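Values in this text are rule-based calculations from the coordinates and carry no lab data. Since this is a predicted model, take the numbers as computed values, not measurements.
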Amino acid sequence: MTREQLAILEAELGRTLPEEYRRVAEDSPFRPVGNDAVYWFYSDPMRVRSATLAPLADGDYSGAGWRTSFLAIGESPAGDLYLMETAEPQLPIWMLDHETHELTCEWSSFAEFVHEWQQFSEHASVTPPAADSGEVRWALAWQILIGSIGVPLLAWWAVWWMR
């Protein structure tokens, strides 16, 4: 995010964003973890805004346990919302389970959260997609050919046998 985007986000949320958050947000986007897109940290200010103002808006979350000092900063691979508790000096990271709506503190500080994800990202293997070889294409062509001939023949045989 740019400084301008962060300033607009602050105005929309009506609060000052922690300096640690601003520093990390300005460094995004981050490289993907494995073959997944980066989900652990939102790089789009609109996602931060909407998830902070209306968490789990597409579900039936009643807001139980929600704190006005929470800032939505990303999500888990399962779609659970990561929330920064901006009222505490260490900026602990909570997780809002998208199924049970339970809130649990997952990281004792924002620094720990960022460090863990960056370490994971550095060690995750990025597997390139399988090369499309001629053998794979021929095998697929044979399967399609056999299926397109075999299914009608099987249907004809079933009708003939039932007579």
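Brief remarks on what is shown
- In plain terms, the chain from Thr2 to Leu154 could stretch by 48.5 nm, reckoned as 0.36 nm per residue minus the Cα-Cα distance.
- Gain on full stretching of the segment that runs from Thr104 to Asp44 - 0.36 nm per residue minus C-alpha separation: 19.2 nm
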